[in-house]
Amino acid sequence: MSKEFSYLNLNKSASYSYVGKNLKRVDMLDKVTGRGKYIDDLKFSNMLYAKLIRSTEAHARIINIDTSEAEKLPGVKAIITAKDVPSIKYGLSPARYDENIFCTDTVKYYGDKIGAIAAIDEETVYKALKLIKVEYEVLPAVFTPAEAAKEGAPQIFEEYPGNVNTEIHLEFGDVEKGRQEAYHIRTDRLSGQRTLHGFIEPHCTIAYWKGKRVHVQSTHQSVHYLQHHIARIFDMKEGDVRVTLPYVGGGFGGKVDISGTDVAAVALSKITGQPVKVFFDLEEVWLNGRGRHGMDMKYTTGVTKEGKIVFVEAEVILDGGAYSGLGVATSYYTGSLLNVLYDFDNYKFDAYRYVTNLPPCGAQRGHGQPHPRYAFESHLDHIAEDLGMDPIDIRIVNARKANTVTPNGYEVKSYYLKEANELARDVSGWKEKKGKLPKGRGIGVGNGGFVTGAGFCMYRTDLPHSIGMIKIYDDGTHAIVYTQAVDIGQGSDTVLVQMAAEAMGFPYEDITICTRDSDLATLDYGAYASRQTLMAGWAVKRAGEDIKKKILIQAAEMLKVKEDGGYRSGKLMPEELDCKEGYVFVKQEPAVNISFAEVARAYFVKHGVLVGRGYYHPGKLGGSHKGAAVGTSPAYSSATQIAEVEVDMETGETKVVGTWDVHDSGCVVNPQLLHGQVHGAFSMGIGETIWEKVVFDEKGKLLNGNFAEYRMPTALDMPHVESLVLDTFEPNGPWGVKEVGEGATTPTLGCVANAVYDAIGVRVTDLPLTPESIWRGIKEAEKAKEKEGK
Amino acid sequence: MYLPDFEYFSPDSVEEACQLLSKYGSKAKAIAGGTDVLVKMKSDLLAPEVLIGLGQLSPLKKIEYVPGKGVVIGSGVTHNEVRDSKVIQEKYMSVSQAAHHMANNQVRNRGTIGGNISNAVPSADMPPILISLGATATIVGTKGERTLPLEDVFAGPNVTVLEQDEIITEFVIPDGNFTGSTYMKFGLRASGALAVVGVAAAVQVEDGVIKDARIVLGAVSPTPVRAKKAESFLKDKQASEELFAEAGVIASGECKPISDIRASAEYRKDMVRVFTKRALDAAVNKGHV
């Protein structure tokens, strides 16, 4: 780029030793050499292999399960069903625990869990599965919210009359007043499809018992929630459940729920007395579900002549699938962050989440946000068009500003959405392109953002959100950082080590991180809601500062300024010292210094182990209305994305030819990792806009549980991504950090869809925008035009 | 997913392979790269008790030009070998390109051209271009050898005219007068996607007049089909964009596509129109591409 752009420069990151640097990932060699262990690499002597017995009906009463033939197969060690396991219900939303380990009476979707088989090897398990005979009384099923809502529709759960699992009615400000003030009012309806995370490591759990304690190794995004729920389900003390996670091969929200592999492994291991590995095939990842909800969204918005929003009425209908999982939170998230993004007072939000006889939906990168963002960003473009405004201008007019409070009670500290829009506009060449591109080529904008960690634990507790601990080796040359923060590939281990190094003033390369182990590491809720860098970051920073404090006290006793010519004489005080990159020095006279290691060793000799402790709790956040907790956060990121597309007007095929992202992400600890997140977000978001959709047949059977027919973009489908950051500062974050991982996915669907609209002049309202749906949209518009002509 | 139990034979010659196929009859299945057979076995769609490996038979691995005969491609050649072959690239870049756009790199490295044809999937990428260039298939069984035009090998989805004891040993693209050819694959992603529609065109153009044209449609009928009405419409006409567009409309009426999770029949029909037009344009104006 030859042009100069004005960045917000709110950080003094240049003076940091490790924060803000593109340091090598701490897990790099493990991962590129294959030395690092994922769960499928783990083997234990005497380990049994197990799989789930799954329903082959979408909705049915179980009459009989005949396991006799399977039991006769040599090598089969245990076959368990509902009668063999605790009957307690579990889930992630405490008000809606509605899932059993195995179905007790009815199966609720094709693929639902009926039981599990453990055998001496994988082959025997597969053979045994074929010998299980389940007799069903088939019940009528519902596959869409519309079917579920019909009068007289089959009821899936007694506790959800009318199949309504979650219902939300919120109003802030005065919508009627807004309606009176509006110069222009417009309604748009759009829909988003069911999608799935697309991580490449299927769920798998290995469990084994040692006396009263069980050790659970799993593919999970949270050590703590898995430990908490296993203890609850099996009526144990949390201290008797040890959870460790090997390297995790991606999560994106799909490994937050307690998986069938977790509960089945614990139960089977208890019964057999042997280590048991329960594993999914790729198709079972689809059956386990927990991906993005299908949603129908309706927005009515009133604006002034200048485009300022005066009210919004939102209605979102969610296809929840069979169980709640995280779906209650998803439902609230579909509405709760809209007025973090745009500043308006009058807001009515209604949502209905229906249960259906399909795999359950839950959280997927951007939790509950990308579809509503897609719909609202499309809606906003139409409003701008109606007013004759540039789409970026209407966004700038409505962009929230820093240090404001939303009508639903969220305090927003740093927020630079306006600047993100301006920079994105300038770097993408928007002004030269918008409205000036030939037919079939278009440019579109979308805004988004996310919470930086949820303000509340998923269950009621007064525990802190994150605890950090750092231990220095006896000789002072190495540090271990302890935290249950979970690196699922996003790089949290690396940035936490960078932060520990910065806080202590200790070399990055001499730090090891001990994570993902409930026995060894310290409490953290794990990787969800984009919380690790800020929340675990605070805990680690404070632990590091605790170490540094102790080091400086010790060093003050050891350092001496020169008697003659020094900046002053006499005994040094700790406040006069600093420590950076492994050396303690006198701030006024850096030539007087001593190595961290020497000081730490002296400390050890005198006091014993040198340990730093850090604690983080965000405090009480948010408003007091029902559901106010969902959306609270110490900090909110914002982002503007722009996409340029080329649509083949004959085939409807869309090629994304350029993408730009400008992120208001606070201080960036590791820019390279941030850009990786943005690239990944574009890949996921473009995939969800153009290709991806989970498809079922008319009986609820999954049709595309594989990466051939569930088409995610390949490298060849990806455009060039230009990722830029506004160097902003968040007062509620350590060193001013905010999130990027999920927020970067939220604008993508809207910006690509708006670019397609710009290219073809027709709004295709249902995702994904496949070649055929665009082709159909163009044809229908041509037909309508012909009619008009006549 | 796991493979069911089976017995495996590794014959040393084509004759032995045919004898084994004859001996085990319907219980046996020939296997080369395994990119179709093994996947189907894992998905319970196929359960042969005996697999007869053809992958090690060197006579099936050749690619050569035989003067007076044409380009000979052994059935055991992988798609990447077809793509990279200098012989094929010099004569028919269109065949090399068709192999290049098939599936993904892993499958192209394992999967053979003989397997792609014998598997007889309607959306297969190699049949349309080979049929358009008039290729023949040499078929060997215990009772001897026969040669068929490739288009006569297919009998329906996943069905060929091969007898139980027969295998295809080679394909021959005979020397001809085609001045250009191409295969246009329309899949729903840049890589790793099956063709929603595939159109191959081969043309003989002299002084701007189309002397001969062959149009072969994939993924829109139970077998690859020639758009014969469109072909004869083109004959002896001056090449032009309008002409290609008209031929596209005619070809679109000659296919019988189905609706499935990838596309509707209606859409596929229209894509035949679009890609016939584009394929003719490329073959006429750019040669073998």
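The values are calculated or read from the model by the stated rules, or taken from the named source; none is laboratory data. Bear in mind the structure is a predicted one, so any value in this text is a computation, not a measurement. When we count neighbours, we look across all protein chains shown, and the Cβ atoms used for this are built from the backbone with ideal geometry, even at glycine. In case anyone asks, the SASA skips ligands and DNA or RNA and just uses the protein heavy atoms, side chains included. Shrake-Rupley method; radii C 1.70, N 1.55, O 1.52, S 1.80 Å.
So that you can scan it fast, the table gives a plain yes or no per residue for (1) open to solvent by 50 Å² or more (accessible area, probe 1.4 Å); (2) assigned by TED's automatic domain parsing to the domain that holds residue B:114; (3) under 30 Å from residue B:288 (Cβ atoms):
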residue	(1), (2), (3)
B:15	yes, no, no
B:19	yes, no, no
B:24	yes, no, no
B:29	yes, no, no
B:47	yes, no, no
B:63	no, yes, yes
B:68	yes, yes, yes
B:74	no, yes, yes
Grab the strands (runs of 3 or more DSSP E) fully contained in the range A:96-191, keeping just those with 2 or more residues being touching a Leu at 6+ places or on another chain (Cβ under 7 Å). A:113-119
Cross-chain or 6+ apart pairs with Cβ under 8 Å, the range B:235-246 first and assigned to a loop (DSSP other than H, G, I, E, B), then charged (D, E, K, R): B:235/B:211; B:235/B:212; B:236/B:211
Would you say residue A:708 is at pLDDT below 95, within 14 Å of chain B (Cβ to nearest Cβ), touching a Leu at 6+ places or on another chain (Cβ under 9 Å) and open to solvent by 10 Å² or more (accessible area, probe 1.4 Å)? yes
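Being surrounded by fewer than 23 Cβ atoms within 10 Å (Cβ to Cβ) and in contact with a Leu (Cβ under 8 Å, 6 or more places away or on another chain) is true for just one of B:139, B:173. Which residue is that?
Answer to the check: B:139.
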So is residue A:752 in a helix (DSSP H, G or I), surrounded by 20 or more Cβ atoms within 10 Å (Cβ to Cβ) and in contact with a helix residue (DSSP H, G or I) (Cβ under 7 Å, 6 or more places away or on another chain) or not? yes
Output for the range B:258-283, where each listed residue is more than 10 Å from chain A (Cβ to nearest Cβ) and open to solvent by 20 Å² or more (accessible area, probe 1.4 Å): B:258, B:259, B:265, B:269, B:281
Picking from B:240, B:221, B:232, B:252, the residue that is within 14 Å of chain A (Cβ to nearest Cβ) and open to solvent by 10 Å² or more (accessible area, probe 1.4 Å) would be B:252
Name the single residue, out of those in the range A:48-95 being of a type in the set (Val, Ile, Thr) and in a loop (DSSP other than H, G, I, E, B), that is nearest to residue A:130 (Cα to Cα). A:67
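Confirm whether residue B:107 is in a strand (DSSP E or B) and either at negative phi or crowded, with 24+ Cβ neighbours inside 10 Å (or both).
no
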For the range B:163-184, state whether one or more residues are within 14 Å of chain A (Cβ to nearest Cβ) and at pLDDT 95 or above. yes
Determine whether residue A:630 is assigned by TED's automatic domain parsing to the domain that holds residue A:419 and out of contact with any His (no Cβ under 7 Å at 6 or more places or on another chain). no
Considering each of A:384, A:454, A:375, A:424 in turn, give the residue that is assigned to a loop (DSSP other than H, G, I, E, B) and either in contact (Cβ under 8 Å) with a residue 60 or more places away in the chain or surrounded by fewer than 24 Cβ atoms within 10 Å (Cβ to Cβ) (or both). A:454
For the range B:185-196, name all the residues that are within 9 Å of chain A (Cβ to nearest Cβ) and closer than 27 Å to residue B:232 by Cβ. B:186, B:196
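Every residue, every condition in (1) in contact with a Lys or Arg (Cβ under 8 Å, 6 or more places away or on another chain); (2) in contact (Cβ under 8 Å) with a residue 12 or more places away in the chain; (3) within 30 Å of residue B:278 (Cβ to Cβ), yes or no:
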residue	(1), (2), (3)
A:578	yes, yes, no
A:587	no, no, no
A:593	no, yes, no
A:596	no, yes, no
A:600	no, yes, no
A:625	no, yes, no
A:649	yes, yes, yes
A:661	no, yes, no
A:676	no, yes, no
Can you name every one of the strands (runs of 3 or more DSSP E) wholly within the range A:515-595 that holds 3 or more residues which are modelled with pLDDT under 95? A:589-595
Test result for residue B:103, over 19 Å from residue B:136 (Cα atoms), at pLDDT 95 or above and among the aliphatic types (A, V, I, L, M): no
Of (1) open to solvent by less than 10 Å² (accessible area, probe 1.4 Å); (2) part of a loop (DSSP other than H, G, I, E, B), residue A:438 satisfies all except one. Which? (1)
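Return the only residue of A:345, A:350 being surrounded by fewer than 24 Cβ atoms within 10 Å (Cβ to Cβ), of a type in the set (Asp, Glu), more than 20 Å from the chain's Cα centre (by Cα) and in a strand (DSSP E or B).
Exactly one residue qualifies, and that residue is A:350.
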Would you check if residue B:133 is more than 23 Å from residue B:55 (Cα to Cα) and either within 14 Å of the chain's Cα centre (by Cα) or not aliphatic (A, V, I, L, M) (or both)? yes
Does the range A:762-775 include one or more residues that are more than 14 Å from chain B (Cβ to nearest Cβ), in contact with a helix residue (DSSP H, G or I) (Cβ under 7 Å, 6 or more places away or on another chain) and buried (at least 24 other Cβ atoms within 10 Å of the Cβ)? yes
Any hit, the range A:260-268, residues being hydroxyl-bearing (Ser, Thr, Tyr) and touching a helix residue (DSSP H, G or I) at 6+ places or on another chain (Cβ under 9 Å): yes
Hits in the range A:683-705 (condition: under 24 Å from the mean Cα position of the chain (by Cα) and either within 13 Å of another protein chain (Cβ to nearest Cβ) or part of a strand (DSSP E or B) (or both)): A:683, A:686, A:687, A:690, A:691, A:692, A:693, A:694, A:695, A:704, A:705
What do you reckon, is residue A:123 within 14 Å of another protein chain (Cβ to nearest Cβ) and open to solvent by 60 Å² or more (accessible area, probe 1.4 Å)? yes
Over the range A:172-199, the set of residues among the aliphatic types (A, V, I, L, M) and under 19 Å from residue A:359 (Cβ atoms) is A:196
